[in-house]
Structures are given as C-alpha cells and as structure tokens.
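Worksheet for the structure shown next.
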C-alpha cells in the first residue's frame, strides 16, 4: 500500500523544517536521566525510545501554578494578558494524545476556560507510535478517548509512516514534502488502536465503600501527590487569592491539587466531604476508571503508567480495576 | 488608612527568621507604609512593649523564664500571635536534645562554670499560648513572610498548606531523590511551601519545615528501611527540626 514515509536519518531535517513554523518541544533526556518535554533546539534530538516523560504534556495547557485573575481597585478583576506563541509538540504517545483529548472535553466544553483555550489553539500535536512496557495499561481496556493528532508518525523499518489528521497536519506535510516520499510498505497497526473505541456508558452500581482495598491503599499511601501531578488527565486545581502589600491589589492563582490531599474536599468552616484517605481513594478510583459529572462513563485513565512509575510506595490500581471493571488482561 | 501595629520578637533561635524581614529590601518602603514596626528589638531600639498590637510575629522556642513572660505579654497585647519559623512552630534545633537530662547537657556545654540564667527544655510556642497561624521553615520563604503580612493587611490569616515537599518537587519535574537515587529524602513527610528548595539542587529534603498534615510516618519508615535507613537514623534526622516526631 502506498504510504507517506520519512526516513529515520531525515528526523533532524524534519525538526529543522518544523522549527521554521514554531518552537518545537519533545521528550528530552536530561543529564539526571529524567525525560521531560523540553525545547528541541538545533542539535538536540528527541528521545523517541523513552516510554514516558515525567510530567505529561498537560503542563503546557495548565501550568502547575498560574495567575488566572488580577485585581486592582481601579480596574476590578481582569484576565492576565498572556501572549501565546504557537508551539509544536513532537513525539507524543497515543496515551498523551488521548489525555489531551480528555482535557479538551473538560476545558473546552460548555464554558471554555480562556487560558486553556488560547494555549490549546496554539498547539500543534505530532504523535509517534510506541511499545507499551510493564507499567502501561492502554492495551488492557478499550477507551472512548481518541488519540487525535495533527501528524502521526508510525514507526516502521528505517523510519516512519506519516499521516495527517487535520488541516494543520496537511500544511505541515507541505513543509516537509522534500523529505517525505511515497513508499509501498506494510504499515503495522499503530498504537492508536487502543483508543477511540466506543464504550457504552453503562450505569454501574455505586462503588462499595466498605471494600477493604480502600483502607489498604490509604495505609500504604504517603500522600505525596505524585500520582495525580504526573497524570495526563488529573486536572483538579485549587484556587487561592493573595492580596498585594499595597492593600489595593490582588492576584488569583490556581495550582495543581490532588484528591488525596487533606484540603481537596474541604469547604468553609473546615468541613470535608472526604475526611479520610480511604474515602479519597474510592473517589480517585471512580474518576480514573468510571468518570463522573458530564464525563460519566468515560474512564479518565489513559494507561500511560506514570502513576505506577512515580509512586514511592509502588501502588497500583490495576488489580482492583481488573476485578471491579471485569477487564481481562 | 491606619497602619497595622506589629511586634516582632525573637526567643531562643538564631534570629534568621527576623532577619528574613530585614532582607526584604525591595519591599521595606511599602511595608513601612502599611505597618508600624513598633516593637522590633532586632531592628530598632529602644524597644518597649506598649499598648496593643494587631499582630505579634514570634521567632524561636522558649527555654528561659523571661522568654515565657515575654511570650505571655505579647499574647495578652496582640490580636493575632503568629509562630514564625520552625523553632517557634515545632521547637526546632534548640529542642534537638529534648528528653535528655538537662543537668548532663548543661555540664557538657558549660562544664563547671556557673550558668547565669535558668533554662528549661525548649518548647514550641503553642505549648504555652494559643497560636493563630504558623509559618514554618528554617527559615521560611521570603514570599511566605510577605504573603503573611499582605494577608494581615487584608484582615485575614494565611491559608494552611496541606501538601508535602514532594508535591512541589513533582511540579518542578525534578529527579526523585527517594525513588531514583535511594537517598534519605524527607520530602514525603515534610510540609511543602518551600518550592522544593533543596531537591531542586539535588540535595535531599532535610525536613526543616516539620511534618505535613496526615503524613504516613509508618509507611515512610518501611520504605526508608528498604533503602537501607533504619528507623533510628530516620527518626534522628526528622527530630533535628521537630522533636515531636514519634512512632
């Protein structure tokens, strides 16, 4: 079958052409061994052998800590003026693409978040296929989330089969046309196949609050927050307002939060909807495997495995999910 | 607008937390517009307690009778009393040898020479008076101190931090010194707010801000043990800043 092909040795040339369009970021292994999404400046190649970055690409859309409103007594509350230059994210795995798809459903839904929307429209997504390791679970169950990208590179012998998924992708193909060729090659099924399956949003019985597993998880959890901070779909945030020293100005800040933290479900007066960590684990499980609110029935877990890799206590929700969701590994 | 009247006092400690305020050079002119630093012996003399204060910021633990008197006096005169720094909040370094014989410690330090003042086992402020808010850290972050003052100016107290050093360390996308380097990093047990100052520089967290709410000491000790740090070593490390750590 005739397919567009780009040779491995043309990767650098490809990035060079992309850089003419916008700043390009991709997975880069630091001197400390940590793989992070970072700028692919000239001479730096993305580490396409890395299974996952430490933080997912959500860091580009929702900053760990950011000002969402500024207040002055003269002008009242105003959105911060932020210029959002175009950015190309290169080397996104299907799970991370599905993660962005999930965030889009939350932040671009009925009442779009202006900061998210501006940053999202500035992003061009270039995906790449991958091979799941023992921490991944994308292949274990069907997800209704789609691994949408503007361009997708499917790893084949000697290079990549390249396909476009949007008008923006078509434009990029135009930029790359001198290094892209048509070839008759057998393209293996790509790793996006784990996503995009329609799952009937079946109404499941409420999760049993008396399951001993909730307490067992709570007893083993350090409460460090790594699981959700490194999760591509965890997007809970805390909103805080800090007054200025002048007594007339203020900034309103949002920062990443975690449903296992003490104050996550706390309300005025110190009351809490989920007082102990066992209750919070049930809540976390429900969100990750069953979804809730407008996304009821859509599991938020994209199977990237980050929560398992980063947990200092080695916690893993998969065995519980295998039982409660009847997933057959 | 009336300037808020403050008392800034230091008890048994190194004065580093009070110094933090003087190090806010850029903000000092603005601070002087908003606050009257009426009692601040470290910075201005003569310093005499007089009338009432909107807030007292107290650094250090108490280990001498006259400090206890001063603390009670500050409490009586102030709307808010704030524990500034780990010594005031938890006891800190001065309380490192709490639980051991005072007589023995005195001999170790001063030998046979007479000691002028009576001392007792160093205590955090809250063991003597009601504390309205705490700012932990050895020393706290400058931003925390400025935020506290801005909050006071707005008539509110700072929001409690509920996350550990790990949370901010992850947000910075640092290498995890506990899981990847098997070091005795106390991040998971330690109150956040410092922006993971030490792990940012590849230095394991020393626990200088004291315990994070709901920390899981039992499980953490198990994990440290797997990495070759026995319980005694870990507890000794934790107690350098907070003698209250118990199994």
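The values are calculated or read from the model by the stated rules, or taken from the named source; none is laboratory data. Just so you know, these numbers come straight off a predicted model, no measurement behind them. As a convention, Cβ positions derive from the backbone with ideal geometry for all residues, glycine included, and neighbour counts pool all protein chains shown.
Do you know which of the residues in the stretch A:17-34 that are outside any helix (DSSP H, G or I) and under 23 Å from residue A:171 (Cβ atoms) is farthest from the other protein chains (Cβ to nearest Cβ)? Let's see the steps before the verdict.
Taking the stretch A:17-34 first, the residues outside any helix (DSSP H, G or I) are A:22-34.
Those still in the list that are under 23 Å from residue A:171 (Cβ atoms) too: A:22-26.
Numbers: A:22: 22, A:23: 18, A:24: 19, A:25: 13, A:26: 15 Å.
If we take residues in the stretch A:17-34 being outside any helix (DSSP H, G or I) and under 23 Å from residue A:171 (Cβ atoms), then A:22 is farthest from the other protein chains (Cβ to nearest Cβ).
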Can you tell me which residue in the stretch A:251-276 is nearest to the chain's Cα centre (by Cα), limited to those that are modelled with pLDDT of 95 or more and outside any loop (DSSP other than H, G, I, E, B)?
A:256
Might you let me know whether the stretch A:220-233 holds any residue that is surrounded by fewer than 17 Cβ atoms within 10 Å (Cβ to Cβ), closer than 23 Å to residue A:106 by Cα and more than 10 Å from every other protein chain (Cβ to nearest Cβ)?
no
Which one is surrounded by the most Cβ atoms within 10 Å (Cβ to Cβ), of the residues in the stretch B:150-176 that are within 21 Å of residue B:24 (Cβ to Cβ) and at the interface with chain A (Cβ under 7 Å from one of its Cβ atoms)?
B:150
Check A:90, A:37 and return the single one that is under 23 Å from the mean Cα position of the chain (by Cα), outside any loop (DSSP other than H, G, I, E, B) and within 12 Å of chain B (Cβ to nearest Cβ).
A:37
Among A:171, A:216, A:181, which is the only one that is within 14 Å of chain B (Cβ to nearest Cβ) and surrounded by fewer than 16 Cβ atoms within 10 Å (Cβ to Cβ)?
A:216
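Residue by residue, here is whether (1) without any contact (Cβ under 8 Å) to a residue 24 or more places away in the chain; (2) outside any loop (DSSP other than H, G, I, E, B); (3) exposed (fewer than 14 other Cβ atoms within 10 Å of the Cβ) holds:
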site: A:81; (1), (2), (3): yes, no, yes
site: A:96; (1), (2), (3): no, yes, no
site: A:102; (1), (2), (3): no, yes, no
site: A:109; (1), (2), (3): no, no, yes
site: A:133; (1), (2), (3): no, no, yes
site: A:139; (1), (2), (3): no, no, yes
site: A:148; (1), (2), (3): no, no, no
Suppose the filter is within 20 Å of residue A:318 (Cβ to Cβ), at pLDDT below 90 and more than 10 Å from chain B (Cβ to nearest Cβ); does residue A:194 pass it?
yes
